[in-house]
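Enquirer: One structure coming up, written as structure tokens, with questions to follow.
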Amino acid sequence: MIVATDLCLTLEERVILDHVSFKVARGESVALVGPNGSGKTSILRCLLGLVPFEGRILVHGHDAVREPIAVRTLLSYVPQKAAFGDAPAAEVLAFVATLRRIDRARIPETLRAVGLEAHASERVRTFSGGMQQRLSLALALLSDTPVLLLDEPSASLDHDGQQTFFDIVARLRKRGHTLLLASHRPEEVESLTDRVLHLDCGRMVGDVAPPTKLARVIALSARGERR
Amino acid sequence: MRLREIALVAAREVRDALRSRWFVLAAGCFFALSLGLSMLGLAGAQRSGLAGFDRTTASLLNLALLFVPLLTLSLGGLGIAGELEDGSLAMLLSQPITRFDAYAGKYLGLLAAVSASILVGFGATGVIVGVSAGGGNVRGFATLVALTLLLGAATLSIGTLLSVALRTRARVIGAAFAVWLLLVYVSDLGTIGLTIARNLGPAQIFILALLNPVQQARVLGTLTLSQRLDVLGPVGVFGLDQFGMVGLTVLLLSVLVATAAAPLACGYVWFRRTPVT
């Protein structure tokens, strides 16, 4: 379970998050939607401890500030623009596997699951945006954490890549993983999430459960309109 | 302190450094120049009858004082800023490691890569000179190697602090080059200018020299090679007169270690609060 209470974030004198609170139940899949700059990605960064915030975040009862290792052990992150330096793909996975004490024998099957088995020894810097995104998803699969943070995860993927991504995430949902997804894409939100948290100018302005309202919320968000 | 995580990040950093064209080029140049200087030193030694290691050590000291700060300032500078800019630092810090693990691991990994390049360059030189010219001041040569590693650690710390403070590759590279010029050339000229303009005494010149790791290493290295007053220069002579041989060596070593530790610690305090976006 994720409990965020009164999150405030200010970067370079600009208010990014303004007293945002929300809960995500264990096994629930929740979308964060809103116009550009509304604070979706910043919420994920707060959860990961990448930015200094005020307020409190608990992940499965662990405080994100006081117990960052315990929290990050529970989280995987698929960013909008993944970057892994200049290492070969298999080495990137091997590093994370060693760090998280995961059996390295799982690396080939993980690469196969995202369609990168033929590129295992290629340097990641030469990968296209979509391939980097697949690798990012492979890291999340390998880590097999109970909570996944996805930031515009299918933005750089081609049609096949998106299909693979949807299948993988649907499987993870069935297995009870908790998902927090920042997205602009209606089809992504509708097919992958149970609930939508609507952000605007760093504030939480809506918590929409019924699927019928999703399309409207997303359409408004994508156009950057205020409700 | 989580040694396993720090070692993993350090090993990753070493692999990244070995893949970096800039590092490989710089390390290759250092190796070639070390070898070239030792060959020239040997040719001179055969004519003048001087022991091989003394002459080689003197040449290599000047090479190390010029080259090592350039390599470490730029490498340290790119360490965090490069990853912050391309987004890979966010990926690293989203794993279950602390900021201290990442920071210490990156510094130690870069230090290991730089140390390896110094040891390879000087090691090959030592073997060639030892085989060709025989004995001489082997202890002085070994001290030079240790001193170069310490100078590398100090300037790498300064580079790392620049990296955290300036955040982008372009700014860091500009600043690293400016700091290199300051340490290697401008501080000498500045000291001379100040001495003339402000009529500085030897104690004040000595204090100015203590602020610069390149000067600290230069005096220490020269002290190892020769205690002749004309070789040591005014700073060395003043220090020797005030503190004696052992006192001056301990003082300079302590200041050099502090120069390595202080920017590194400041960099960490800064890094701990840096937003990774």
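Taken together, the values in this text are just the output of simple stated rules run on the coordinates, not laboratory data. On a predicted model such as this, the values are computed, not experimentally measured, just so you know. With ideal geometry, Cβ positions are generated from the backbone for all residues, glycine too; neighbour counts draw on all protein chains shown.
Enquirer: Return yes or no: is A:Ser42 more than 10 Å from chain B (Cβ to nearest Cβ), of a type outside the set (Val, Ile, Thr), buried (at least 18 other Cβ atoms within 10 Å of the Cβ) and in contact with a Leu (Cβ under 6 Å, 6 or more places away or on another chain)?
Expert: Values: more than 10 Å from chain B (Cβ to nearest Cβ): no; of a type outside the set (Val, Ile, Thr): yes; buried (at least 18 other Cβ atoms within 10 Å of the Cβ): yes; in contact with a Leu (Cβ under 6 Å, 6 or more places away or on another chain): yes.
No.
Enquirer: Could you grab me the full set of residues in segment B:169-206 that are farther than 26 Å from B:Ala261 by Cβ and of a type in the set (S, T, N, Q)?
Expert: Listed by number, the residues that qualify are B:Thr195, B:Asn199.
Enquirer: Out of A:Leu93, A:Leu48, A:Leu99, I need the residue that is within 16 Å of A:Thr5 (Cα to Cα) and either more than 10 Å from chain B (Cβ to nearest Cβ) or not basic (Lys, Arg) (or both). Which one?
Expert: Details: A:Leu93 fails: within 16 Å of A:Thr5 (Cα to Cα); A:Leu99 fails: within 16 Å of A:Thr5 (Cα to Cα).
After ruling out the rest, the residue left standing is A:Leu48.
Enquirer: Related question: Restricting to segment A:167-205, what's the tally of residues that are touching an Asp or Glu at 6+ places or on another chain (Cβ under 8 Å), hydrophobic (A, V, I, L, M, F, W, C) and closer than 18 Å to A:Ser136 by Cα?
Expert: Total meeting the criteria: 3.
Enquirer: Also: Can you give me the ranges of the helices (runs of 4 or more DSSP H) entirely in segment B:158-271 with at least 3 residues that are not hydrophobic (A, V, I, L, M, F, W, C)?
Expert: On the way: elements: B:169-181, B:187-198, B:202-210, B:213-225.
It comes to B:169-181, B:187-198, B:213-225.
Enquirer: Restricting to segment A:163-184, what's the tally of residues that are in contact (Cβ under 8 Å) with a residue 60 or more places away in the chain and either out of contact with any Leu (no Cβ under 9 Å at 6 or more places or on another chain) or acidic (Asp, Glu) (or both)?
Expert: Within segment A:163-184, the first condition is being in contact (Cβ under 8 Å) with a residue 60 or more places away in the chain, and the residues that meet it are A:173, A:176-184.
If we keep only those that are either out of contact with any Leu (no Cβ under 9 Å at 6 or more places or on another chain) or acidic (Asp, Glu) (or both) as well, we get A:176, A:184.
Summing the residues that are in contact (Cβ under 8 Å) with a residue 60 or more places away in the chain and either out of contact with any Leu (no Cβ under 9 Å at 6 or more places or on another chain) or acidic (Asp, Glu) (or both) in segment A:163-184 gives 2.
Enquirer: Only one of A:Ala113, A:Ala120, A:Ala105 is exposed (fewer than 15 other Cβ atoms within 10 Å of the Cβ), more than 14 Å from chain B (Cβ to nearest Cβ), aliphatic (A, V, I, L, M) and over 23 Å from B:Ala10 (Cβ atoms); which? Explain how you work it out, then say what you get.
Expert: Numbers: A:Ala113 fails: exposed (fewer than 15 other Cβ atoms within 10 Å of the Cβ); A:Ala120 fails: exposed (fewer than 15 other Cβ atoms within 10 Å of the Cβ).
Going through A:Ala113, A:Ala120, A:Ala105 in turn, the sole match is A:Ala105.
Enquirer: If you take just the strands (runs of 3 or more DSSP E) that sit entirely in segment A:1-97, which of them hold at least 3 residues that are under 21 Å from A:Arg175 (Cβ atoms)? Working first, answer last.
Expert: Values: elements: A:2-11, A:14-24, A:29-33, A:54-59, A:75-78.
Hits in segment A:1-97: A:29-33, A:75-78.
Enquirer: Go through the residues of segment A:12-27 one by one and say whether even a single one is farther than 27 Å from A:Asp200 by Cα, more than 8 Å from chain B (Cβ to nearest Cβ), surrounded by fewer than 16 Cβ atoms within 10 Å (Cβ to Cβ) and not aliphatic (A, V, I, L, M).
Expert: No, because not a single residue in segment A:12-27 is farther than 27 Å from A:Asp200 by Cα, more than 8 Å from chain B (Cβ to nearest Cβ), surrounded by fewer than 16 Cβ atoms within 10 Å (Cβ to Cβ) and not aliphatic (A, V, I, L, M).
Enquirer: Which of the residues belonging to segment B:261-274 are within 13 Å of chain A (Cβ to nearest Cβ) and either of a type in the set (Lys, Arg) or surrounded by 17 or more Cβ atoms within 10 Å (Cβ to Cβ) (or both)?
Expert: Those that are within 13 Å of chain A (Cβ to nearest Cβ) and either of a type in the set (Lys, Arg) or surrounded by 17 or more Cβ atoms within 10 Å (Cβ to Cβ) (or both): B:Phe271, B:Arg272, B:Arg273, B:Thr274.
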